[in-house]
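Values in this text are rule-based calculations from the coordinates and carry no lab data. The structure presented is a predicted model; accordingly, all values stated were derived computationally and were not measured. We place every Cβ from the backbone using ideal geometry, glycine too, and count neighbours over all the protein chains shown.
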Amino acid sequence: MATDAQTSRTVAETFLAHLAKQDADGIQELFAESIDWLVSGTDALSWTGRRTRREEVAPYFTTMWPHFVPGRSNVVLERFIVDGGDVVLLAVFTHTVVDTGKEFTTPVALHLGVEDGQVVRMHLYEDTLTVAKAFNVS
């Protein structure tokens with residue numbers, strides 16, 4: 001079913017609000033039962049890969065967040081593009097890794113697909129080599 005741009009924008013803004021508060025459960029509630037989720041990267045980083053069910057969303061964040069030094073992350077949202085049920089967020093992420101102390105910065109494109117007021121797709125595109133180097137993995 002087609003989703004209007006305003007609904008998609010509202011869902012994406014709610015997603016960002018929950019993300020800013022590190023509210024993994026709130027983010028998860030925005031997702032449909034069945035999802036198309038992709039975060040590319042090395043298998044050495046436990047949060048990367050595909051997910052297909054809503055209940056896998058919160059564990060993504062609660063697994064990933066502890067690897068970053070609290071208060072040392074920054075997200076700069078550069079573009080917020082909405083076309084019907086598609087939302088593309090262009091941003092720059094900067095994080096500091098707890099285990100290595102290395103800071104990294106990567107451009108990011110986040111593609112959310114919204115249907116019937118729920119997120120059905122989340123694909124994250126980032127410089128995975130830069131992330132892996134910060135974690136001393138390949």
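Brief remarks on what is shown
- Surrounding net charge for Lys133, when Lys and Arg each add one and Asp and Glu each subtract one, Cβ distance under 15 Å: -3
- Here the relative contact order of segment 5-134, from alpha carbon pairs under 8 Å that lie six or more residues apart, stands at 25 percent.
- Point-charge dipole on Cβ atoms (K/R +1, D/E -1) for the chain, about Cα centre, debye to 20: 420
- Here the gap between Glu33 and Thr63, fully extended at 0.36 nm per residue and compared with their Cα-Cα distance, gives a gain of 8.8 nm.
- Across segment 120-137, computed HN-Hα scalar couplings (Karplus, 6.51 cos²θ - 1.76 cosθ + 1.60, θ = phi - 60°) run 10, 9, 9, 10, 10, 10, 8, 7, 5, 5, 4, 4, 4, 4, 5, 8, 6, 10 Hz from first to last residue, x flagging Gly and Pro.
- In order along segment 42-57, the Karplus-derived 3J(HN,Hα) couplings, from 6.51 cos²θ - 1.76 cosθ + 1.60 at θ = phi - 60°, round to 5, 5, 5, 9, 5, 8, 7, x, 9, 9, 10, 10, 3, 5, 8, 6 Hz, and Gly and Pro are given as x.
- Alpha carbon centroid spacing (whole Å) that separates segment 79-103 from segment 29-73: 13
- Phi-derived couplings, Karplus 6.51 cos²θ - 1.76 cosθ + 1.60 at θ = phi - 60°, listed residue by residue for segment 13-29: 5, 5, 4, 5, 5, 5, 4, 4, 8, 6, 9, 4, 5, x, 4, 4, 5 Hz, with x used for Gly and Pro.
- Shape call, the chain: gyration tensor on alpha carbons, a/c limit 1.5: prolate
- 10 Å beta-carbon shell around Met122, net charge (K/R +1, D/E -1): +1
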